[in-house]
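Below you'll find the structure, written out as structure tokens, and then a few comments.
The values are calculated or read from the model by the stated rules, or taken from the named source; none is laboratory data. In this text, all values refer to a predicted model and were calculated from it rather than measured experimentally. Ideal geometry is used to build each Cβ from the backbone, glycine not excepted, and the neighbour counts take in all protein chains shown. SASA here: full protein model, heavy atoms, side chains in, ligands and nucleic acids out. Shrake-Rupley method; radii C 1.70, N 1.55, O 1.52, S 1.80 Å.
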Amino acid sequence: MTPLTLDTSLLAPTVTPAQIDQLSDQLATTHRHLLDGTCPGADFLGWRDWPDQDHHQLLDAIQQAASRIQQQSQALVVIGIGGSHLAGQAGLEFIHGSYHAPHVNGLPVYFVGHNLSSRAWLEIAARLRHQDWSLNVISKSGTTLEPGLAFAYFRSLLEKRYGAAARERIYATTDAHTGLLHDQAVGAGWSRFIVPDDIGGRYSGLTSVGLLPWAVAGLDIAAALQGASKAKNDLLSNLNLTNPAWQYAASRYLLCRAGKTLELFATYEPSLQLLGRWWQQLFGESEGKTNPVIFPATINYTQDLHSLGQFLQQGSKNMFETTFYLDEDATIPLTSSDVHHTWPYLDGKNLDFVQKQAHLATLQAHHQGGVPQLVFHLTQTSEFTLGYTLYFFEYACALSALLLGVNPFDQPGVQAYKEEMMRRLQE
Ligand code: PA5
């Protein structure tokens, strides 16, 4: 049984099953180019076979580092941005929840370096004053401004606190051979983990980039890779339109052609919001190189039904929704007499039942309001399904971007603001 399934039944009338079927040959060709390495960006296909490679040594090294961090520290600070940040934090919330359940088998992890906010950095610094801590700085290039500045700041705090012994508390995740961070790490003798040459930032969540913070927080990282491996085997060998990644890529392609150029990734779980942010980066940075193309955005229900729900029902008609629904039962019975007095029909029901009806009602209302609906169902949240989900969207995104005719693995457009910012910083 696959942990993630896709329901496309509410795409019609905008997109019909017959239209999706017609894309079958195009999908098969695109898939073949991904497999034989003849697609644009083929130098960055390392993520494709990553879950099935022999990672025993890597997992041992990560577990050893995680145990050392857990023994020496009460918290880990992780510095990184974009692909060097989102999968790590999204994975922790996927498992531990958005209110950060007590870390029974691991440490709290604070993510910084994904903004330039003095307020945020000072807030974390104040928390660290009364606890022992270690630092994992992640940057593939080693030259990104935000994590670079955050590293300079938090490293100086660490050195003030521990002196020369700070060296034992710094873990650098970066390129194997080059870059400022690589050179610093080699020079200072910090523990090093590698971002593989052939895996780009937003595709690197299942490498040391995500695995080290997850291990420190107590997650079962071997299970995450097993989940990714299952996704790989399910998806790469299923060469027809029963493959949900093919259905997803085809649906998005046709929706875009039909003028639906805004995709809302809707979740009903606060603990899945960051997964949405990770998905948003994956698709936004991979596909946003042509016009028209789909703008990916995230939305959280039922909260946003009370704000953006109005807009979805009657506002612009350039949108579609992709709901990522968690079927897992973690239910709260509705027992209080207040509930039964105010809503007598809920007698004997539970909170999951209410959420499910809100979801089904939203699907129907928004569909009738002209917003096509895609619905993913996830059976449960576990490390296995985390790995499965990340791999699923990595593959689906590559397929989708290639269908659009763009290279999924580069990001030339981000240079424009960086060059202007550097000019201003040097004035
Ligand atoms: O997907 C990408 O390549 C980017 O989002 C990068 O991950 C992000 O810019 C951070 O880069 P780096 O890891 O080099 O600091």
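Quick notes on this one:
- A simple spin-label model places pseudo-atoms 7 Å from Cα toward Cβ; at residue 311 and residue 426 they are separated by 3.8 nm.
- Per residue, the chain exposes 44 Å² of solvent-accessible protein surface, assessed with a 1.4 angstrom probe and all protein chains in place.
- Stretch gain in nm, segment residue 99-residue 414, where the contour uses 0.36 nm per residue and the Cα spacing is subtracted: 110.1 nm
- Carbon/sulfur fraction of accessible area - the chain, other protein chains in place, 1.4 Å, %: 53 percent
- Compactness relative to 2.2 N^0.38 Å, alpha carbon Rg of the chain: 1.02
- Comparing 120, 222, 75 in a Gaussian network model of the chain, where Cα atoms under 10 Å apart are tied by springs, the biggest mean-square fluctuation is seen for 120.
- Residue separation of residue 354 and residue 67 scaled by 0.36 nm, minus their Cα-Cα distance, works out to 99.1 nm of gained length.
- For the cross-link pairs 232/356; 289/317; 230/418; 140/289, the ones whose C-alpha atoms lie over 27 Å apart are 232/356; 230/418.
- Inter-centroid distance (Cα atoms) of region 327-406 relative to region 1-74, Å: 22 Å
- Contact order for the chain, expressed relative to its length and based on alpha carbon pairs under 8 Å spaced 6+ residues apart, stands at 24 percent.
- In plain terms, the chain from residue 331 to residue 24 could stretch by 106.5 nm, reckoned as 0.36 nm per residue minus the Cα-Cα distance.
- Pairwise FRET efficiency - residue 380 versus residue 167, Cβ, R0 = 45 Å, nearest 0.05: 0.65
- Positive-pole candidate from 113, 216, 369, dipole of the chain, charges at beta carbon: 113
- Residues considered: 271, 98, 156. Largest GNM mean-square fluctuation over the chain, using C-alpha springs under 10 Å, is found at 156.
- Using the Cβ-Cβ distance between residue 361 and residue 257 with R0 = 35 Å, the FRET efficiency computed as 1/(1 + (r/R0)^6) comes to roughly 0.75.
- Choice from 348, 97, 369 showing the highest fluctuation, given a GNM over the chain with Cα pairs closer than 10 Å: 348
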